[in-house]
Each structure stands twice: as C-alpha cells, then as structure tokens.
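Q: Attaching a single structure in structure tokens format; questions to follow.
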Amino acid sequence: MESKQLIAEHLLKIKAVVLSPEEPFTWASGIHSPVYCDNRMIMGYPVIWKDVIQAFVSLIQKNYPGAEVIAGTATAGISHAALIAEAMHLPMAYVRSSAKSHGRKKQIEGIVQPGQKTVVIDDLISTGGSVLTAVHALEEAGADVLGVAAIFTYLLPQADKNFEEANIKLKTLTDFETLIHLAVAQGTISSAQLEQLKKWYADPTSEDWRMLNQ
Ligand SMILES: O=P(O)(O)OC[C@H]1O[C@H](OP(=O)(O)OP(=O)(O)O)[C@H](O)[C@@H]1O
Ligand SMILES: O=C(O)c1cc(=O)[nH]c(=O)[nH]1
C-alpha cells in the first residue's frame, strides 16, 4: 500500500477524524469546519506512531537532504519532532507560537545555530499560518529553513498561497483528498456527509454549507 494511503488508513482506524456538522469545530485560523483531524491521538498508538515516524524520516531524507536540525511546532509538532530527531540522530528544537513572557523569554527552545539546515515539523496544515509563524521565527534567528513536513494537509488553496508567498516548501505524509477517498471506499462516511463536506470544502470560510440538510 502506498504510504499516503497507509497513513490515511491509520488516521481513520484510530478515529482521529471526527465529523460534527451540527456543532462545527473552530480551527486555529478561526475557520468553522464540519471536520477535525486530531493527529494528537497518534501518540496513543505506538505501532501506528512508529509508521508515522518512519514515513517522516523517509520524506525528510528524500526531500530535505542535509537536514541538520528537526524543529517541532508547539504543541502538536513537538512529540513527532522528538522521535524523528532521535531516529535521524539529529538535534531537536521546538518553536512556540510566541516568545515566553517570563524566564528566558524565548520563542525557540533548544539550540538552532545560524545557518543550520532546519526542517520544521507540524502535525497538520489547514492554512499553514501556525507553522509559517514558526518558520519566520527560525529564519529571524538565522536558520536555513529547508522546508516543512507535516502528517496531514487539507490542501486548501489558502495554504498553497501562504506557502508560496513565504517561498517555503511543504511536504506531507497524507492529505484530505486521500483520506476522503478512503473513507468513502470504506463506507465510513455517507453520501450525504460527503456532499456536505464537498460544499464546505468549496468555500471553507463561508457558512453556506451549514444550510445543507437543515
Ligand atoms: O495551518 P493552521 O491554520 O495554522 O492550522 C493548523 C494548526 O492548528 C493546530 O494547532 P493548535 O493551534 O490547535 O494548537 P496545538 O498544536 O497546541 O494543539 C494544528 O496542530 C496546527 O498546528
Ligand atoms: O486548523 C486547525 O486548527 C485544525 C484542524 C484539524 O483538523 N485538526 C487540528 O488539530 N487542527
């Protein structure tokens, strides 16, 4: 089985993907969505987590050769970054969404030297806003950011635009399209749910999709 499919299958199997059209989720970006993919649940499944980490390592070796530091985003990217760094025998750091207001007042924890080739790990990309904030902090600190690696992307045009404008490469283990195809094939989602998801996906920032089935 192709890795993209395997990771999507794992996410469905552990019920990381939840639909709640009646009470939509509010995403980090403020978007209201009928779907939420909770990749944090992977931590509860060591065998599946191992597959995820192996897939990350292969992706990084293929797309970001010469990586010297693995930097996770706080909070959901941290655990994955730690295991990837350990598997690749590389140093790990993590990046907060903003600098601490006490202590050493750092946004980047750990050590990232100026010029070091850094791969940034997030668990999930919706708009990309969170991980790009981390990328900018690392670049300001002088890191040479090779790109971003994440488990899942919704493949939203807004994210494409944000990564393009930031001139940052994004590679993911799987994506919304793969997940939805699999969920339909498995019968995990009904045709009515699929129609609602399609309507939402056509314009995620509008609330029009909520009128469907009401
Ligand atoms: O691509 P974006 O639009 O930025 O959205 C995705 C981000 O949102 C989630 O983090 P959240 O803010 O929920 O925090 P957490 O990592 O602490 O769980 C997720 O883990 C990503 O980091
Ligand atoms: O955009 C988000 O905040 C978000 C969406 C999602 O499906 N899962 C998640 O953890 N965060």
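Q: Carbon-plus-sulfur fraction of the accessible area of the range 76-214, 1.4 Å probe, in percent? Walk me through the numbers before you get to the answer.
A: Details: 3550 of 7030 Å².
Ligands and nucleic acids excluded, carbon and sulfur reach 51 percent.
Q: Around residue 209, with a cut-off of 13 angstrom between Cβ atoms, what is the net charge of the other residues, counting Lys and Arg +1 and Asp and Glu -1?
A: Details: positive: 198, 199, 210; negative: 22, 195, 203, 207, 208.
In short, -2.
Q: Please compute the modelled spin-label separation between residue 206 and residue 96, points set 7 Å along Cα→Cβ, answer in nm with one decimal.
A: Distance between label points: 4.1 nm.
Q: Beta carbons within 10 angstrom, averaged per residue: use that to sort the peptides 23-35, 47-59, 98-110, highest first. Walk me through the intermediate numbers first.
A: Values: 23-35: 15.6, 47-59: 17.2, 98-110: 11.5.
In decreasing order of mean packing, 23-35, 47-59, 98-110 become 47-59, 23-35, 98-110.
Q: Something else now. Can you tell me the accessible area per residue over the chain, all protein chains present, probe 1.4 angstrom, in square angstrom?
A: Numbers: 10910 Å² over 214 residues.
Dividing the accessible area of the chain by its residue count gives 51 Å².
Q: Turning to a different aspect of this structure: With +1 on each Lys and Arg Cβ and -1 on each Asp and Glu Cβ, how big is the dipole of the range 3-207 about its Cα centre, in debye rounded to the nearest 20? Each step should come with its number before you reach the end.
A: Numbers: 17 positive and 21 negative charges, 104 e Å.
Charge dipole of the range 3-207: 500 debye, to the nearest 20.
Q: Return the whole-Å distance between the Cα centroid of the range 1-59 and the Cα centroid of the range 174-214.
A: So the two Cα centres are separated by 16 Å.
Q: Provide the per-residue ³J(HN,Hα) series for the range 169-175, in order, calculated from phi with Karplus coefficients 6.51, -1.76, 1.60 and θ = phi - 60°, each as a whole number of Hz, with x at glycine and proline positions.
A: Listing the rounded values in order: 7, 10, 10, 10, 6, 7, 8 Hz.
Q: For a distance above 23 Å, tell me the whole-number percent of Cα pairs in the range 1-122 that qualify. Don't skip to the answer; put the middle values down first.
A: Numbers: 3079 of 7381 pairs.
I get 42 percent for the Cα pairs in the range 1-122 exceeding 23 Å.
Q: With the Cα gyration tensor of the chain in hand, convert its eigenvalues to equivalent ellipsoid semi-axes via √(5λ) and list them largest first in whole Å.
A: Working: eigenvalues 187, 78, 43 Å².
The three semi-axes for the chain are 31, 20, 15 Å.
Q: Where both residues lie in the chain, what percent of DSSP beta bridges are antiparallel, nearest 5? Please list the in-between numbers first.
A: On the way: 7 of 28 bridges.
Rounded to the nearest five, the antiparallel share is 25 percent.
Q: Counting helices only, and only those DSSP H runs with n ≥ 4, report the 222 nm mean residue ellipticity of the chain as the sum of -39,500 (n - 2.57) divided by its residues, in deg cm²/dmol to the nearest 500.
A: On the way: 7 runs with 85 residues, N = 214.
My calculation for the chain gives -12500 deg cm²/dmol from helical runs alone.
The values are calculated or read from the model by the stated rules, or taken from the named source; none is laboratory data. The shown structure was predicted, so the numbers you read here are calculated from the model rather than taken from an experiment. Note: ideal-geometry Cβ built from the backbone for every residue, glycine included; neighbour counts use all protein chains shown. The accessibility values were calculated without ligands, DNA or RNA, using every heavy atom of the protein model including side chains. Shrake-Rupley method; radii C 1.70, N 1.55, O 1.52, S 1.80 Å.
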